Amino acid sequence: MSLNTAMVEKYRNNFLQEVAGNVEEGDWVKMCMQCGVCAGSCPLGNAWEHTPQKLFMMIRANKRDEVLTSDSMWMCTSCYNCIVRCPRELPITHIMHGLATYAKKLGLAPQSNPTQWFSETFWNNMMKKGRVNELKLGLSLYFKDGFVSGIKESIAHQKLGMNMMKAKRMAPMEIMGGHGVKDLSGLQKMIKKAQDIEAERLEANSK
Amino acid sequence: MANYDKKLGAYICSGCGIGDRLDVSQLETTAKRDGKAANCKTHDFLCSKAGVEMIQKDIDDGEVNHVIIGGCSRRSKIEAFRFPEAAVTRANLREGCIWIRPDNDEAQETTQEMADDLIRMACAESKYMNIPTASGEQELNKTLLVVGGGITGMTTALESAKAGYNVVLVEKAAELGGWMAQLHKRTPNKMPYAAPQDTGIDATIAAVNDHANITVHLNTTVSKTEGAPGRFKVELAVESGSASTVDVGAIVQASGFNMFDPANVPAMNHDKSADIVTNMELEALANAAGDGPIKRPSDGKQVSSVIFIQNVGQNSEEEGHLPYHSGIGDMVSIKQAMYFKHLNGDCDTTILFDNLRTPGAAGEDFYRAGQDAMVTFRKGIASEVVAGGDLEVKFKDMILDEEFTESADLVVLDVGMVPNSGPDPYAADNLPKDEDGNPIEEENAVSVESILNLDYRQGTDLPHLRHGFTDSHFICFPYETRRTGIYSAGPVRRPMDIHQTMEDAAGAAMKAIQALENAGKGRAAHPRSGDLSYPLFRKEGCTQCKRCTVECPFGAINEDEKGFPVFNESRCRRCGTCMGACPVRVISFDNYSVDTVGQQIKNVDIPDEFDEKPRILVLACENDAYPALDMAGQNGIEYSSFARIIPVRCLGSVNTIWLTDALNSGYDGIVLMGCSKGDEYQCHFVKGSEMAHYRMGKIADTLQTLSLEEERVATYEVAITDIQRAPKLINDMAETIEQIGMSPFKF
Ligand code: SF4
Ligand code: SF4
Ligand code: SF4
Ligand code: SF4
């Protein structure tokens, strides 16, 4: 049984409880008083399908699928406007990212969403050497939609690239693989361990 | 009424800049020559110890018994210039003259004229008044009657008893406690405001029963109340048929509320399923549960999902609904939702709210506690509860803008509080009228049982404000009703919770005690608290027209068999509305009468037409308009020096003879200033201002017979905050006169 199905089975009709038990800072969602301040403060919320306020209401209304497949929390830029303004002091930004992560773990995150894709690319890039290879990350972003558009993007940003090189903000030799952190395997082990603990916890929670 | 030689003494203060701005010796001359004040003195600091002693000495020496103070407003230095053994009048030379006039040579002449007139007016007033003394009718009775044995009534009784007064507590039911005794728990009133709390009602009932000063009458109602504060005679009727009479000094009506009948909202289907209950019915289910889980009534199944629907039939324009909101239902539902969280384990508990009302820090904390306990709050409007098997609630989620249907084992309806008042004595006035002005009876009018059975000319019970709540001066004197010495407390006055009702009860107890003490001394209740004067009535002149009995806002006047008015001094609030109403002017007070004002009007010096100095009579309500004008003075706001301002107790006390006399003697304009009237009234005597406006509506005829322009008389509603506007209204009249010209009636 997939983790998702297990969670549905376990929490049945109570998505608020599921969020409280599994999402980072999800325990806070019940304290939202639906004042709408976050929705009004978010510089991007207007462009999203669901503002933080709406997402929190949907959680209470047991709209599980709609919440977990929403792309709104993937678009949060962590500007923290909502956090500083929430009269109930909910850690909204963290909940947004918590929801995104949870959705991803259950395999429900929207595949086509570019920020979702970028997050994954960023993570994989970083995990290779223990630090971000900016050149490779940049290039993979340019070439995200295929070779032709990649070339076009690169030409368009040529000047920026040259300037960054001059300012030693980008090293062309990084393309060869780049340098890593000192104890790369140690770091990878550490992350793996953390991921295992997290997976175990979710697994246990789903029982 | 006292019979004595009046010895007028005029004392003029030259302090506070009065001496610099005015010719004080001329004022003294005016007081002597025109005012006929035998004793005239000037002092450069009259309100100082030395100044006051100077006056007191003259009184003690028998030189003076009528004191005229020419200085600051009657609203300043009240304590300093209090001479209870004398009649005191004030000429407002400071706030009412020098402070509202520019300090320059050009204005000097008219300012001095204004001051001279103020002195003349104060002397004339003094001459026509008497030193007020209590009538001798008063009685002191230190027993209170409290009607209603719920938490409000019991708190009133305990507070009064603790203050040393005796209480007769009457309760219709067989037990004390009222609605509160039916509650499983109450909303918390102690930190941390996190969980429902025991009501503690048993301890309160025991305290009432144990208190030596309190006599409890159960199964008892009030079958008749007659008399007045200090000497009420109340007949008590016991269910068994026996009756008794008690004498009390004051009364507190704490008759509480009834629950709104959810049958008025058919879509809630309250009668279709035993599992659709009102908030009060849920208390019984919780009590029945003991410490176990709450079970649903239909089949005894443990409730595992419950939906609360807030504001059922409240704050709604629809027929049969309550047009107001009780304000406490959201706190009640949070409390009840907590019952389920505490007793029913993992029970889905949803509150469908509209505008969640959880006032105060306690309310906010309790709301958070509810959220913390995983009560689901949804802003949603329920359209229907579908009965049968599992209940279904149809509602619109207002945040998600989407229709939902949720099922539940139990549905709780938050229904509002309906005041338990007796019939409104003035209900007929508010009914629609037919062509002849007769009220059209409403077909489905519910007959309400009387609670006090007052033997008053003006109805059996306390007048209502709106929606059946008893009338009071909502802003200034919340416990006061329109029947002096009878106070209302608790939800009969406005919807309130336990905490508020207990505060209310303590407040009403204190007011009732004050009322009976005042009645014992023959003193008025506020806003004229302490006033010893009372309506004096010359029966020989009375035409039995009934205007006074009808218009008295406080139902103070009864009628004898022949239709003559019978004044009940201690029911009277000294507003003077009866005096203003009486067409033959047979009603007066020692310190306020048709003459005390009429003579002030007559004693103003009216320059002849060619002097281009018009005179504007301003009759200003002493409660709001006059203070507003005083404050204008304090703020240096100027107004016309042609105005002659006379404070009146209430615009309702204005007798039209004053206006006719003023117009006949050459005043060019008249401005009347009273408090706002109507539904949002601020009149301190409730109806006085309204009566005055009604009477002034007819002044046009008088003006016509005199061939005068209608614009010469203007009536306004003025609030105490109208510090800029009140002077402007006077100036507007000055401008009007400039346009239409001087009155031709100057001699
Ligand atoms: S932190 Fe995210 S959700 Fe909050 S205001 Fe910024 S973008 Fe919006
Ligand atoms: S600002 Fe806070 S309390 Fe208000 S809606 Fe957003 S999360 Fe809820
Ligand atoms: S003075 Fe006012 S309260 Fe008193 S009897 Fe007259 S109208 Fe009534
Ligand atoms: S208003 Fe005057 S005339 Fe009329 S009943 Fe009263 S006292 Fe008599």
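The values are calculated or read from the model by the stated rules, or taken from the named source; none is laboratory data. Owing to the predicted nature of the structure, the values given are computational and were not obtained by experimental measurement. Here Cβ is always computed from backbone atoms with ideal geometry, including for glycine, and neighbour counts include all displayed protein chains.
Inside segment B:670-747, counting only helices (runs of 4 or more DSSP H) that do not spill past its ends, which hold 3 or more residues that are farther than 25 Å from B:Ile657 by Cβ and modelled with pLDDT of 95 or more?
Because the criterion is at least 3 residues that are farther than 25 Å from B:Ile657 by Cβ and modelled with pLDDT of 95 or more, the helices (runs of 4 or more DSSP H) in segment B:670-747 that meet it are B:725-740.
Would you kindly identify the strands (runs of 3 or more DSSP E) lying entirely within segment B:255-325 that contain at least 2 residues that are more than 41 Å from the chain's Cα centre (by Cα)?
B:305-312
Which of the residues spanning segment A:14-43 are charged (D, E, K, R) and within 14 Å of ligand 2 (Cβ to nearest atom)?
A:Glu25, A:Asp27, A:Lys30
Of all residues in segment B:347-391, count the ones that are surrounded by fewer than 17 Cβ atoms within 10 Å (Cβ to Cβ) and either at negative phi or within 11 Å of another protein chain (Cβ to nearest Cβ) (or both).
The total comes to 10.
Please find, within segment A:52-87, the residue that is farthest from A:Leu16 (Cα to Cα) out of those that are crowded, with 22+ Cβ neighbours inside 10 Å and of a type in the set (Val, Ile, Thr).
A:Val67
Name every residue in segment B:565-599 that is surrounded by 24 or more Cβ atoms within 10 Å (Cβ to Cβ) and either under 24 Å from B:Lys746 (Cβ atoms) or within 16 Å of ligand 1 (Cβ to nearest atom) (or both), in order of residue number.
B:Val597
Hey, can you tell me all the residues within segment B:592-632 that are polar (S, T, N, Q) and under 21 Å from B:Arg725 (Cβ atoms)?
B:Asn623
Could you list, ordered by first residue, the pairs with Cβ atoms under 6 Å in which the first is in segment A:50-67 and without any contact (Cβ under 8 Å) to a residue 40 or more places away in the chain and the second is outside any helix (DSSP H, G or I) and away from ligand 1 (no atom under 16 Å from the Cβ), at least 6 apart or interchain?
That search, which allows pairs on different chains as well, returns A:Met57/B:Ile399; A:Met57/B:Leu400.
Can you name every residue in segment B:20-41 that is surrounded by fewer than 18 Cβ atoms within 10 Å (Cβ to Cβ) and among the hydroxyl-bearing types (Ser, Thr, Tyr)?
If the condition is that a residue be surrounded by fewer than 18 Cβ atoms within 10 Å (Cβ to Cβ) and among the hydroxyl-bearing types (Ser, Thr, Tyr), then B:Ser25, B:Thr29 are the ones that fit.
With respect to the numbered conditions (1) in a helix (DSSP H, G or I); (2) touching a Cys at 6+ places or on another chain (Cβ under 9 Å), which one is the sole condition not fulfilled by A:Met73?
The one condition A:Met73 does not meet is (2).
So how many residues does segment A:21-58 have that are in a loop (DSSP other than H, G, I, E, B) and away from every other protein chain (no Cβ under 11 Å)?
8
Which members of segment B:536-551 meet the condition of being in contact with a Phe, Trp or Tyr (Cβ under 9 Å, 6 or more places away or on another chain) and touching a residue at least 40 places away in the same chain (Cβ under 8 Å)?
Of everything in segment B:536-551, those that are in contact with a Phe, Trp or Tyr (Cβ under 9 Å, 6 or more places away or on another chain) and touching a residue at least 40 places away in the same chain (Cβ under 8 Å) turn out to be B:Leu536, B:Phe537, B:Lys539, B:Cys542.
Where the second residue is basic (Lys, Arg) and surrounded by 14 or more Cβ atoms within 10 Å (Cβ to Cβ) and the first is at negative phi and lies in segment B:44-65, which pairs have Cβ atoms under 6 Å and are six or more apart or on separate chains?
Correct list of pairs: B:Cys47/B:Lys77; B:Val64/B:Lys7; B:Asn65/B:Lys7.
Would you please name the residue that is farthest from ligand 1 (Cβ to nearest atom), looking only at residues in segment A:59-69 that are assigned to a helix (DSSP H, G or I) and touching a helix residue (DSSP H, G or I) at 6+ places or on another chain (Cβ under 8 Å)?
Per the criteria, the residue is A:Arg64.
How many of the residues making up segment A:1-20 are at the interface with chain B (Cβ under 10 Å from one of its Cβ atoms) and either in contact (Cβ under 8 Å) with a residue 60 or more places away in the chain or closer than 15 Å to A:Met96 by Cα (or both)?
The number of residues fulfilling the criteria is 2.
If a residue has to be more than 13 Å from ligand 4 (Cβ to nearest atom) and in a helix (DSSP H, G or I) to count, how many in segment B:565-590 make the cut?
Selection size over segment B:565-590: 3.
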